[in-house]
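The values are calculated or read from the model by the stated rules, or taken from the named source; none is laboratory data. Predicted model, so just to flag it, every value in this text is computed and none were measured. Cβ atoms come from the backbone with ideal geometry, glycine included; neighbour counts cover every protein chain shown. The area values use the complete protein model at the heavy-atom level, side chains included, leaving out ligands, DNA and RNA. Shrake-Rupley method; radii C 1.70, N 1.55, O 1.52, S 1.80 Å.
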Amino acid sequence: MGIQHEKKRYVAILSPYTTSILHYRKPFVVAWWGAAFPGFGHFMLSKYLTAFILITWEVVINSLAHLNEAIYLSLTGRFEEGIAVLDQHWIILYVCMYVFSIWDSYRLTIEMNKHYTLAYHEGFPLLIKNTSSIEINVLDKKNPLLAIIWSLLTPGLGNLYVTRVLSVIFVLTWWLIITYQANVFPAIHMTLVGNFQGATDILVPQWFLFIPSLYCFAAYDSYVSAVELNKFIDKYISRELKDKYQDIQFKMPI
């Protein structure tokens, strides 16, 4: 008769390269980020492969449809030009994936909250394998404010600070691609030397409008990751102290 292995619902997995923590999230917040930039909601849930597909779809199809360019023209009062620049071959296809990103991130958040509740009541199981020959991930508390500051300086550094390497790869790669295509850094250089008109002319609206969502999300995600990591460490230490050092007959005072 075979040995029955106990199935566990892990609330955290600590590897040498990243820290993945399952915690309670508000579905509307995750769905909002999914609306701000398709894929970001799944990214928050550590659904990296799904997030990669949706983010790539957003960038590619949005660019083919000239959606951001149309938004820019509309915001500057050129409504007819905004309508004319849209490519109808791609815009309808874009809408379908956009709605799916919001709906699926909301649905997944509810399901993961249920999973977290069950796992928490089953003893808060976790998997720690934090060393390898090339990397060590030490479980220690992080300063959420520092996570925000590093993310504001360069999106991705905040995620690196809280040891979420997969997040760093995603955020930093897209940050480099989008800022390069938008001519952000040449525009910053022109601004610093006083050539404001040249900075305005060189920016590419189609790519530049991706930046606010990515920039704000990187800061938000690194901050939340730091806060939840600190909460997880408190719960982990509390459990370890209780299991290993607390007398079985001890009664917690009310």
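Quick rundown of the values:
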read-out: Failed item in (1) of a type outside the set (Val, Ile, Thr); (2) in contact with a His (Cβ under 8 Å, 6 or more places away or on another chain); (3) not in a helix (DSSP H, G or I), with Leu108 passing the rest; value: (3)
read-out: Among residues of the stretch 26-63, those that are open to solvent by less than 30 Å² (accessible area, probe 1.4 Å) and within 22 Å of Val11 (Cβ to Cβ), counted; value: 10
read-out: Output for the stretch 233-254, where each listed residue is modelled with pLDDT under 80 and among the acidic types (Asp, Glu); value: Glu240, Asp243, Asp247
read-out: Filtered residues of the stretch 58-78 (kept if within 16 Å of Thr200 (Cβ to Cβ) and either among the hydroxyl-bearing types (Ser, Thr, Tyr) or assigned to a helix (DSSP H, G or I) (or both)); value: Glu69, Tyr72, Leu73, Leu75, Thr76
read-out: The stretch 101-116 residues that are open to solvent by less than 60 Å² (accessible area, probe 1.4 Å), paired with ones that are not hydrophobic (A, V, I, L, M, F, W, C) and not in a helix (DSSP H, G or I) (beta carbon under 6 Å, 6 or more apart); value: Ser101/Pro38; Thr109/Arg25; Asn113/Tyr24; Tyr116/Tyr24
read-out: Every pair of residues 6+ apart whose Cβ atoms lie under 7 Å, when the first sits in the stretch 148-162 and is under 21 Å from Ile136 (Cα atoms) and modelled with pLDDT under 95 while the second is open to solvent by less than 60 Å² (accessible area, probe 1.4 Å) and part of a loop (DSSP other than H, G, I, E, B); value: Tyr161/Lys142; Val162/Lys142
read-out: Residue within the stretch 174-181 that is without any contact (Cβ under 8 Å) to a residue 40 or more places away in the chain, touching a Phe, Trp or Tyr at 6+ places or on another chain (Cβ under 7 Å) and surrounded by fewer than 16 Cβ atoms within 10 Å (Cβ to Cβ) present; value: yes
read-out: Residue identified as touching a residue at least 24 places away in the same chain (Cβ under 8 Å) and either in contact with a helix residue (DSSP H, G or I) (Cβ under 9 Å, 6 or more places away or on another chain) or not in a loop (DSSP other than H, G, I, E, B) (or both) among Ile92, Ile53, Ile13, Ile83; value: Ile13
read-out: Residue check for Ile188: farther than 26 Å from Gly82 by Cα and modelled with pLDDT of 95 or more; value: no
read-out: Residues being surrounded by fewer than 17 Cβ atoms within 10 Å (Cβ to Cβ) and not hydrophobic (A, V, I, L, M, F, W, C) - total across the stretch 221-243; value: 9
read-out: Number of positions in the stretch 14-24 that are crowded, with 20+ Cβ neighbours inside 10 Å and not hydrophobic (A, V, I, L, M, F, W, C); value: 2
read-out: Output for the stretch 120-163, where each listed residue is on the phi < 0 side of the Ramachandran plot, of a type in the set (Ser, Thr, Tyr) and open to solvent by less than 70 Å² (accessible area, probe 1.4 Å); value: Ser132, Ser151, Thr154, Tyr161
read-out: Which listed residue, of Ile83, Ile91, is more than 19 Å from Gly156 (Cβ to Cβ), open to solvent by less than 40 Å² (accessible area, probe 1.4 Å) and modelled with pLDDT under 90; value: Ile91
read-out: Qualifying position, being under 20 Å from Val59 (Cβ atoms), buried (at least 16 other Cβ atoms within 10 Å of the Cβ) and either touching a residue at least 24 places away in the same chain (Cβ under 8 Å) or in contact with a helix residue (DSSP H, G or I) (Cβ under 8 Å, 6 or more places away or on another chain) (or both), among Phe210, Phe185; value: Phe210
read-out: Scope the stretch 64-75; condition aliphatic (A, V, I, L, M) and open to solvent by 10 Å² or more (accessible area, probe 1.4 Å); matching residues; value: Leu64, Leu67, Ile71, Leu73, Leu75
